[in-house]
Amino acid sequence: MTLSDTAETTPASGTSVGSNPDFRRYIVARFIWVMATQITNIAVGWLVYDVSQSALALGLVGLAAFAPRLVVVFVSGLVSDRFDRRLVICSCFAVNALAGLALMLVATSDPVPLGWVYVIFTFSGTARGFAGPAVQSLTPTLVSRDHLSRALSLTASVSQTAVIVGPALGGLLYTFGPIAPFSVAVMGFLVAIALLLTIAPRGSASGKAPVKLSDVFAGFVFIRRRPIILGAISLDMMSVLFGGVVALLPIVAADVLEIGPSGLGILRSMPAVGAVMVSAWLSYMPIRRHAGPKLFGAVIVFGLATICFGLSSNLILSLLMLWIIGASDVISVVIRQTLVQGDTPNEIRGRVSAVNSLFLGASNELGEFESGATAALFGLVPAIVLGGIGTISVAVLWALMFPQLRKRDALVDP
């Protein structure tokens, strides 16, 4: 179904975020979706490390999730721009639900065939590759432009709350066996689909015009010509690529802190605790001035906290550093997302979001592979510390390479 077949609803400028029923349903669906994804991730991470006892095996999970995005990035944004974004997202969630059922069967096998875990995550990663641009480009169509920054901050707060609940719930459920977390995740994806289908149809303005080769690469061309957007998304990619520690948390929980799967859930949740507290504050006190300096400052704090986390063997200190990692990361996320969505016309927003999702996937899933490979080569502590140093170095270099981003003042350009 294309947008030309439906009546698109445009939010009025005076409509507040909280009084928008479609936006409320959207953030509830997003909460459930993110929670289900986190439950799946925590269960897969513990399952893979429990079976393999290998940091590299953990890293390969992230690589399996990221690799499909390299293939679908050229078409996923175009699909988001030409079709009803709700239906695109629902289709992807359905694939994730099927992947959860498949993981349930694999996890109960004896022995557990890790190869099938990677295959299933490849299909799941393909679905995420299509869902990412549609989810990102749907948000600005639900609220007016003057409420975009506030809406994105609230969305980040809700998502990070799910990142708190998801890993903690996933770790707790895993103590009853692998079937419990995967079954709950499957139900979550189905509920999210039901909620999204109640939202009024929204899409793009491209209609049924024939697809040209230039349409496929339009997102890359748009970003390349705008150094502020290019600098923002590449800064996020490189900083998290080097500084991400999520993939190594199962090793920290098992070998350093010795706190088991339930403790792993707490570790995974702690960055989100920091993120949800800061994003909730930003939803009431949005960033309006000095956006560029605040972006670079947040990245440097992220790197410093990563270094301290790598050197810590104390549970309280580790939790505090993870809190700071999440708090600083969400500041950069809100700034980046607002810059990307606010500076991009709706008719190309899906394709730009596809490139943004590729960069985001590179920083997360590919970063997990990088972390696992580095830990396998140099050891756990050197891998984390070097990652933090790399993040700070990237922030300094990008500040020099992208002066327009460094000097950006207003977050939403009138």
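Results for (1) within 13 Å of V117 (Cα to Cα); (2) buried (at least 23 other Cβ atoms within 10 Å of the Cβ), shown as yes or no for each residue.
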site	(1), (2)
W33	no, yes
Q53	no, no
L56	no, no
V61	yes, yes
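I'd like the full set of residues that are over 12 Å from N41 (Cα atoms) and at pLDDT 80 or above, limited to segment 162-177.
First, pick out the residues of segment 162-177 that are over 12 Å from N41 (Cα atoms): 162, 164-165, 172-173, 175-177.
Those that are over 12 Å from N41 (Cα atoms) and at pLDDT 80 or above: A162, V165, L172, L173, T175, F176, G177.
Which is over 16 Å from G342 (Cβ atoms) and touching a helix residue (DSSP H, G or I) at 6+ places or on another chain (Cβ under 7 Å), of G177, G129?
On the way: G177 fails: touching a helix residue (DSSP H, G or I) at 6+ places or on another chain (Cβ under 7 Å).
Unique residue meeting the criteria: G129.
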For this session: Of all residues in segment 72-99, count the ones that are among the β-branched types (V, I, T) and without any contact (Cβ under 8 Å) to a residue 40 or more places away in the chain.
Result: 1
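Residue under question is T338, and the condition is that it be part of a helix (DSSP H, G or I), at pLDDT below 85, buried (at least 21 other Cβ atoms within 10 Å of the Cβ) and on the phi < 0 side of the Ramachandran plot; does it hold? Walk me through it before giving the result.
Details: part of a helix (DSSP H, G or I): yes; at pLDDT below 85: yes; buried (at least 21 other Cβ atoms within 10 Å of the Cβ): yes; on the phi < 0 side of the Ramachandran plot: yes.
Judged against the criteria, T338 is a match.
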Seminar exercise, completed: Those residues of segment 246-297 which are within 15 Å of V330 (Cβ to Cβ) and not in a helix (DSSP H, G or I) amount to M285, P286, I287
Seminar exercise, completed: Of (1) touching a residue at least 24 places away in the same chain (Cβ under 8 Å); (2) assigned to a helix (DSSP H, G or I); (3) not acidic (D, E), A102 fails just (1)
Exercise. For residues in segment 42-98 being basic (K, R) and modelled with pLDDT of 80 or more, which is farthest from L197 (Cα to Cα)?
Worked result: R82
Problem set entry | All positions within segment 319-354 that are closer than 18 Å to G263 by Cα and in contact with a Cys (Cβ under 9 Å, 6 or more places away or on another chain) | L320, M321
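For every residue, the table says whether it meets (1) under 27 Å from P68 (Cα atoms); (2) at pLDDT 85 or above; (3) buried (at least 24 other Cβ atoms within 10 Å of the Cβ).
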{"position": "L114", "(1), (2), (3)": "yes, no, no"}
{"position": "T122", "(1), (2), (3)": "yes, yes, no"}
{"position": "G129", "(1), (2), (3)": "yes, no, yes"}
{"position": "T139", "(1), (2), (3)": "yes, no, no"}
{"position": "S144", "(1), (2), (3)": "no, no, no"}
{"position": "H147", "(1), (2), (3)": "no, no, no"}
{"position": "R150", "(1), (2), (3)": "no, no, no"}
{"position": "A194", "(1), (2), (3)": "yes, yes, no"}
Exercise. For segment 254-265, does any single residue satisfy the condition of being modelled with pLDDT under 80, closer than 25 Å to A36 by Cβ and in contact with a Pro (Cβ under 6 Å, 6 or more places away or on another chain)?
Worked result: yes
Problem set entry | Close pairs from segment 279-295: first over 17 Å from H147 (Cα atoms), partner buried (at least 19 other Cβ atoms within 10 Å of the Cβ) and of a type in the set (V, I, T), Cβ under 9 Å, at least 6 apart | G292/I228; G292/I335; K294/I331; K294/I335; L295/I331; L295/I335
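The values are calculated or read from the model by the stated rules, or taken from the named source; none is laboratory data. Quick caveat: nothing in here was measured; it's all calculated off a predicted structure. Cβ: placed from backbone, ideal geometry, glycine included. Neighbour counts: every protein chain shown.
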